[in-house]
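K.L.:
The structure is given below, and queries will be raised subsequently.
FYI, it's all coordinate maths here, none of it is from the lab. For clarity, every value in this text was computed on a predicted model and none was experimentally measured. Note that each Cβ is placed from the backbone with ideal geometry, even for glycine, and that neighbours are counted across all protein chains shown.
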Amino acid sequence: MAADKIEKVGGSLIQHGKLNDRVYIMKASGDHEKLLKEIESLCEENGYSKVFGKIPACASETYSKKGFECEAMIPGYFNSGEDLHFMSKFLDKDRKSRYEENDTTLEASNFNLEESRIRLPDEYTARSLKKEDLKSLAGLYSQVFQSYPFPITRKNFLEKAMGDGTLYVGVFEGEKIVSASSAEIDWENRAAELTDFATDPQHAGNNFAAYQIQFLEDVLRNEGFQTLYTIARAKSIPINRAFAKNGYEYSGTLVKNTHIAGNIEDMNVWHKKA
C-alpha cells in the first residue's frame, strides 16, 4: 500500500492516507477551526476511521467540542510551559476498542529503575549515522518492518529527514549496521521524539534499544533539549521496558493508532525532562 501523504494546511502539517487509515495532525497552529473543516472534508472524501493530533493545551477545548478526546499528554512540552495533548476523534466504533493483548505491557514495564549506563558487548560499536549510511539503514528497516507509518525503508525519505534535522544512531558489528534509532527534532520547543527503533533479529537481546536511548539523550542534552518522548508499540514489552528503565513516564495509550509490522496497533506515550 502507498505511503501516506504529508501536506501543509495553512500553518499546520498533517499526514493522511489509507495505510494508517487516519489523519495525523503532526503540527497544529494558526486557525484551528479552519484546519478542522479541512480535515472533516478529507475524512468524508476518503472514509478515514480516526483523526489523531498533537494539540497545544490552549486549543484542546476547540477540539473537544468537535468530538476529540485526550488519549495522552506531555506536560510542559512547549517553550511557554504549555502542555501538549494527544487528541483523537474516532469515526468508526471498531477503531476505538483497545487490543486486550496489550494490557500486560505496562505491568511488565513497571519495575525499579536502574541508573547504570548500558554497555555494548565488545563485538559491537555505535555512532551517529551519516548520509553514506542511509542505504544500509533503509535495508535494515526493510528487513525488520513489514510495514511502518512513514516510508523509512526508502533512502530518499531518510535523506530528507536527515536534512531536516533528524538524528540517526546505529549499532554496528564490524561494518554491518545491526540496530538503529532516531530522534525527530522540534527545534522551536527544544523537544525530540525518540523513534524508529529496529534491531536485526539475529542480534536481539543485547539491550540495544536502552543503549541507543542513552546515546541519543547525551547528544540532545548537549544541544540544550528539554523534553524527550516516544510513541512506542504497546504490544512490545522490550521497548516499553527500555523507556521505563531510563526514567520515562507513561502518560497514555493511543488506541489503534499506527500501522506498523503489518497491523494497526495501539501505541504508548512515554516522556521525561532531559
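K.L.:
Please give, to one decimal in nm, the separation of the simple spin-label points placed at ARG221 and GLU38, each 7 Å out from Cα toward the Cβ.
P.N.:
It works out to 3.9 nm between the two label points.
K.L.:
Rank ALA180, ALA138, ALA244 by mean-square fluctuation in a GNM of the chain with C-alpha springs under 10 angstrom and give only the top-ranked residue.
P.N.:
Of the options given, ALA138 has the highest mean-square fluctuation.
K.L.:
For the chain, find the longest principal axis of its Cα atoms and tell me its angle to the long axis of helix 208-222, 0 to 90°, nearest 10.
P.N.:
Compared with the principal axis, the helix lies near 80 degrees.
K.L.:
If one computes the Cα centroid of the stretch 238-274 and of the stretch 4-32, what distance in Å separates the two points?
P.N.:
21 Å
K.L.:
Something else now. Once you keep just the Cα pairs under 8 angstrom separated by 6 or more residues, what percentage relative contact order results for the chain?
P.N.:
Working: 543 pairs, mean separation 47.2, N = 274.
After rounding, I find 17 percent.
K.L.:
Can you work out the Karplus-derived ³J(HN,Hα) for every residue in the stretch 226-234? Use 6.51 cos²θ - 1.76 cosθ + 1.60 with θ = phi - 60°, whole Hz, and x for glycine or proline.
P.N.:
10, 10, 10, 7, 9, 10, 9, 4, 5
K.L.:
Roughly how tilted is helix 32-46, in degrees to the nearest 10 and between 0 and 90, from the longest Cα axis of the chain?
P.N.:
The helix 32-46 is inclined about 80 degrees to the chain.
K.L.:
Tell me the mean residue ellipticity at 222 nm calculated for the chain from its helices only (DSSP H runs of n ≥ 4, each -39500 (n - 2.57), averaged over every residue, nearest 500). Spell out each step's value before the answer.
P.N.:
On the way: 7 runs with 69 residues, N = 274.
After summing the helix terms and dividing by the residues of the chain, the value is -7500 deg cm²/dmol.
K.L.:
Let me ask something else about it. Just to check I understand the Karplus step: with θ = phi - 60° and J = 6.51 cos²θ - 1.76 cosθ + 1.60, what whole-Hz values come out for the stretch 163-168, glycine and proline as x?
P.N.:
Coupling constants for the stretch 163-168: x, 7, x, 5, 9, 10 Hz.
K.L.:
Sticking with this one: Could you tell me what percent of the DSSP beta bridges with both partners in the chain are antiparallel, to the nearest 5? Each step should come with its number before you reach the end.
P.N.:
Working: 56 of 63 bridges.
If I count the DSSP bridges inside the chain, around 90 percent turn out antiparallel.
K.L.:
Counting only DSSP beta bridges with both residues in the stretch 1-64, what percent are antiparallel, rounded to the nearest 5?
P.N.:
Values: 10 of 14 bridges.
Percentage antiparallel, nearest 5: 70.
K.L.:
Please report, in debye to the nearest 20, how large the charge dipole of the stretch 155-234 is about its Cα centre when each Lys and Arg carries +1 at its beta carbon and each Asp and Glu carries -1 there. Numbers along the way, then the final one.
P.N.:
Numbers: 6 positive and 13 negative charges, 29 e Å.
Roughly 140 debye for the stretch 155-234.
K.L.:
Under a 10 Å cutoff between Cα atoms, tell me which one of GLU45, GLU184, GLU173 has the largest fluctuation in the Gaussian network model of the chain.
P.N.:
Evaluated over the chain, the most mobile residue of the options is GLU45.
K.L.:
With label points built 7 Å along Cα→Cβ from the Cα atoms of LYS5 and MET26, find their separation and express it in nm.
P.N.:
In this crude spin-label approximation the distance works out to 1.4 nm.
K.L.:
In the chain, which longest range has no chymotrypsin sites (Phe, Trp or Tyr not before Pro) that are both DSSP loop (not H, G, I, E or B) and surrounded by at most 11 other Cβ atoms within 10 Å?
P.N.:
Numbers: sites that count: PHE111, TRP187.
The answer is 1-110.
K.L.:
Which of GLU188, GLU33, GLU71 moves the most in a Gaussian network model of the chain with Cα springs under 10 Å?
P.N.:
Of the options given, GLU188 has the highest mean-square fluctuation.
K.L.:
Just going by the charge dipole of the chain, with Lys and Arg at +1 and Asp and Glu at -1 on Cβ, which of ILE118, PRO56, ASN156 is farthest out on the positive end?
P.N.:
Towards the positive end, the residue furthest out is ASN156.
K.L.:
Which FRET efficiency, nearest 0.05, do LYS93 and LYS65 yield, Cβ-Cβ r, R0 22 Å?
P.N.:
On the way: r = 20 Å, r/R0 = 0.93.
Approximately 0.60, to the nearest 0.05.
K.L.:
For the chain, the longest stretch holding no trypsin sites (Lys or Arg not before Pro) located in a DSSP loop with at most 11 other Cβ atoms within 10 Å is which?
P.N.:
Numbers: sites that count: LYS65, ARG117, ARG119, LYS130.
Longest run free of exposed loop sites: 131-274.
K.L.:
List every residue whose amide H lies under 5 Å from the amide H of ASN268, counting only residues 5 or more places away in sequence or on a different chain, with H placed 1.01 Å from N in the peptide plane.
P.N.:
Residues meeting the criterion, in which the H sits 1.01 Å from N, are ALA232, ARG233, ALA234, LEU254.
K.L.:
What is the distance in Å between the Cα centroid of the stretch 138-166 and that of the stretch 177-194?
P.N.:
Answer, in whole Å: 13.
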